[in-house]
Amino acid sequence: MTVLLAQDPTLADFGRDPWWLVLGKIVFAFVFGLLATLLGVWFERRVVGYMQVRPGPNQVGPFGLLQTLADGLKMAFKEDILPRAADKVVYFFAPVISVVCAVTALSVIPFGPMVSIFGHRTPLQVTDVPVAVLVLLACSSLAVYGVVLGGWASGSTYPLLGGLRSTAQMISYEVAMGLSIVAVFMTAGTMSTSGIVAAQASGTKLSLGGFEIPAPGWYAILLLPSFIIFFIAIVGETNRAPFDLPEAESELVAGFMTEYSSLKFALFMLSEYVAMVTMSAVTTTLFLGGWRAPAPITTFWAGANSGWWPMLWFFGKVLILVFVFVWLRGTLPRLRYDQFMRLGWKVLLPINLVWILVLAGLRSIEDWQSRDRMLATAVGAGVLLLITILWPSRQPKPKPTLQEQVDSRPPGSFPLPPLDLQVPPSPRTKRVVAEREPANIVAGSDSREV
């Protein structure tokens, strides 16, 4: 029975559940997103408080756990102010779009293996399709519409600038994020989320010099460049610090949600934290083995991946990634907008393309003989090293001297001020000083120098 329950779900296992079980899975995914958001806000405030040597929320509820709920109720009962120039319909639906897109992505996340619920064998996942990862990308892409429409519908300048910033930001980092998942497709051979988790079940073996070298099964280690690029991209995708440029209060007051208040503001805040938890779950699924226990646990506990225990490993991995999100916010300063865009287009994108090309080359020579494989790998590495060495570097042009700048001025230009920055005294100065009468002060008998 244990082996049966530890079975990996396949696409054939979906679509057979009764309606009440499907409804229960949907409610579970929604409650998970909501509770993870409430606890995520409390977790972030406590962790950042610890980093800044202050207590954080500790008054409402044990350890301040109910502080987020109290803040949400307070925000819901505040006065809802509607700007006069706002588009009422779009203004209302913009935060709803952001929340719905963030929660919908949880429908294709596998929380565990096949389990038995009231006698029905079912996977711990709402649904799965052959292109489930594309569903995740679609949900993350559609979330930008809530931000853009919220900034536009407010009828104000600063929210509009924040929405436009978010558009450019999402487009830039959506490309890097999508390309980083290509390596996962190539290695796993499927776009199904449950299939990707199953592909990371056991380690792989690499052939080098006629020897079989065991390699880890987690794609976070096996595809390390893709994992690093993907995580940087999701930080920019979720508008989290140090990439929270759409909400840069030092430049845009509060970004796209400047004109929002009450419950609508709370929905935007909720969507940000739901997106953070969702992207942590996506990262766990694609790169950290999903619901499977880490290798040290499975070595001495054979049933670690059976029954309901895998949910514990899944939630633990998600919690660690959420901590990394919070850690980045409490550690790094906000980037400038030009630095942020340069990182996405000039650093992440070229590295991603080169890495995919290298991985495709390695995959194409897997069936070759060991000698031919080593020769092809050496030639490819040599060509890549030669291109790196001979790549022309952009050297700054020498700055012309001050005299050269003066000589290059076209005729008829405006007169120049003194180049030595010493302004000659005015001719009137001597006449004013000469006309001024000297001050004659008679010193007293008890005067003394101080």
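Relative contact order of region 1-89: what whole-number percent is it, with Cα pairs under 8 angstrom and at least 6 residues apart?
15
Of the listed peptides 318-324, 117-123, 257-263, what is their order by residue-averaged count of other C-beta atoms within 10 Å, with the highest listed first?
257-263, 318-324, 117-123
Could you list the square roots of 5 times each eigenvalue of the Cα gyration tensor of region 14-156, that is, the equivalent ellipsoid semi-axes, sorted largest first and rounded to whole Å?
Values: eigenvalues 204, 128, 43 Å².
Whole-Å semi-axes of the equivalent ellipsoid: 32, 25, 15.
Hey, what's region 153-206 come to in accessible area per residue, 1.4 Å probe, Å²?
35
Based on the mean of other Cβ atoms within 10 Å per residue, sort peptides 411-417, 168-174 so the most packed one is first.
Packing order, densest peptide first, comes out as 168-174, 411-417.
Give a residue-ordered list of calculated ³J(HN,Hα) values for region 330-335 (Karplus: 6.51 cos²θ - 1.76 cosθ + 1.60, θ = phi - 60°; whole Hz; x for Gly, Pro).
The phi angles translate into x, 10, 9, x, 6, 7 Hz.
Enter the accessible area per residue of region 254-321 (Å², integer; probe 1.4 Å; all protein chains in place).
35
The values are calculated or read from the model by the stated rules, or taken from the named source; none is laboratory data. Because the structure is a prediction, the values reported are computed rather than measured. Cβ atoms come from the backbone with ideal geometry, glycine included; neighbour counts cover every protein chain shown. When the accessible area is computed, the model is the full protein with side chains, heavy atoms only, and any ligands, DNA or RNA have been set aside. Shrake-Rupley method; radii C 1.70, N 1.55, O 1.52, S 1.80 Å.
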